[in-house]
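Just so it is clear, none of the values below were taken in a lab; they were calculated from the coordinates. What you are looking at is a predicted structure, and each value in this text was computed from that prediction instead of being measured. Note: ideal-geometry Cβ built from the backbone for every residue, glycine included; neighbour counts use all protein chains shown.
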Amino acid sequence: MARLPRIVIPGHPHHITQRGNRRSRVFFDEGDYVLYVDLLSEAALKFGTEIWSYCLMPNHVHLIAVPSDKNGLRETFADAAILAISMHT
C-alpha cells in the first residue's frame, strides 16, 4: 500500500523518521553521524526549517522538525540527500 501524502503545517513540529532499505545500517562509523548532522543543518538553515531534536540510530533516524512553509520539509530533506549523494560521486 502506498504511503499517504504528508500533511505539512508550517510552524508546527513534525515527527520525521528515515531508515535504511530493508532496515539496513545507514551509519557505519562516528564520521557518518557527524556528516549527517552537518548536511541536515546546512539544508535546514537554507530552507528555514528548525530541527528541534534528533536521535540517530545505526539503521534509522528520528527528528522533530518545524518547517517555515509548506515545502520546507521536502526541500530540506531533498537538499540534504543531494548534498550527501554529491559527496559520494
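The table below lists the values:
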quantity	calculated
Residue in the range 31-51 that is surrounded by the fewest Cβ atoms within 10 Å (Cβ to Cβ), counting only those that are touching a strand residue (DSSP E or B) at 6+ places or on another chain (Cβ under 7 Å) and touching a residue at least 24 places away in the same chain (Cβ under 8 Å)	Tyr36
Matching residues in the range 52-78 - criterion: being surrounded by 15 or more Cβ atoms within 10 Å (Cβ to Cβ) and within 9 Å of the chain's Cα centre (by Cα)	Val61, Leu63, Ala65, Leu73, Thr76, Phe77
Some residue of the range 5-22 being surrounded by 12 or more Cβ atoms within 10 Å (Cβ to Cβ) and without any contact (Cβ under 8 Å) to a residue 24 or more places away in the chain	no
Residues of the range 79-89 satisfying the condition of being in contact (Cβ under 8 Å) with a residue 24 or more places away in the chain and exposed (fewer than 14 other Cβ atoms within 10 Å of the Cβ)	Met87
Total residues in the range 47-79, condition out of contact with any Pro (no Cβ under 7 Å at 6 or more places or on another chain), among the charged types (D, E, K, R) and closer than 18 Å to His12 by Cα	3
